[in-house]
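The values are calculated or read from the model by the stated rules, or taken from the named source; none is laboratory data. All values reported here derive from a predicted model rather than from experimental measurement. Cβ placement follows ideal geometry from the backbone for every residue including glycine, while neighbour counts extend to all protein chains displayed. Just the protein is used for accessible areas: all its heavy atoms, side chains included, with ligands, DNA and RNA removed. Shrake-Rupley method; radii C 1.70, N 1.55, O 1.52, S 1.80 Å.
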Amino acid sequence: MAYVHGKDTVITVATKDISPHCKTSTYEGSADVHETTGYGKAAKTKQGGLLDGKFSMGGTYDNTASTGPRNALKPLLGTTVAVVRKPEGTGTGKPQDAFSGVLSKYVETNPVDDMVTWSAEIEISDVVTTTTQA
């Protein structure tokens, strides 16, 4: 088993690399679960359904870069965007996930005693395609 460091993660949203502005990201896959229990059973039975998921990310606000989170994400709020996530970084043989999703939330936080931060949430639409980088 080889450990992977999070610092190598690469994230692009609508073809813009926002990785330098990210400190955290979370992929959350889920699926519908349907109960199929019939009479006479001692335990519930279940069947899987449609896939679903969310992707969230956040980091330190940057106002100098044209691809900073405010310029790259805020105008896309409520629209469907293409996302590529490379959890082990860029390189031959490393995995990458590609999906489309609706940018459902963009937040900026301004604490009095710290740096301005940002966070965003994307509701995944359709399947997540996992491939190996060539």
About its Cα centre, segment 45-97 carries a charge dipole, from +1 on Lys and Arg Cβ atoms and -1 on Asp and Glu Cβ atoms, whose size in debye to the nearest 20 is 80 debye
Loop-resident trypsin sites (Lys or Arg not before Pro) in segment 1-71 with no more than 10 other Cβ atoms inside 10 Å, DSSP not H/G/I/E/B, are LYS41, LYS44
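Beta carbons within 10 angstrom, averaged per residue: use that to sort the peptides 29-38, 82-91, highest first.
With the highest mean Cβ count within 10 Å placed first, the list reads 82-91, 29-38.
Keeping every protein chain present and rolling a 1.4 Å probe, give me the accessible area per residue for the chain in Å².
Per residue, the chain has an accessible area of 65 Å².
Within the set of other residues whose C-beta is less than 10 Å from the C-beta of PRO95, count the net charge using Lys and Arg as +1 and Asp and Glu as -1.
Working: positive: ARG85, LYS86, LYS94; negative: GLU88, ASP97.
Around PRO95, the charge tally is +1.
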Which of LYS7/LYS105; LYS23/LYS86; LYS7/LYS86; LYS54/LYS94 exceed 19 Å between C-alpha atoms? The answer is LYS7/LYS105; LYS54/LYS94
In deg cm²/dmol, rounded to the nearest 500, the helical mean residue ellipticity at 222 nm of the chain, built from -39500 (n - 2.57) for every DSSP H run of length 4 or more, is -500 deg cm²/dmol
Carbon and sulfur atoms account, in whole percent of the 1.4 Å probe accessible area of segment 1-127, for 51 percent
Dipole check, the chain, charges on Cβ (K,R +1; D,E -1), about Cα centroid: among THR64, GLY40, SER100 the Cα furthest to the positive pole belongs to GLY40
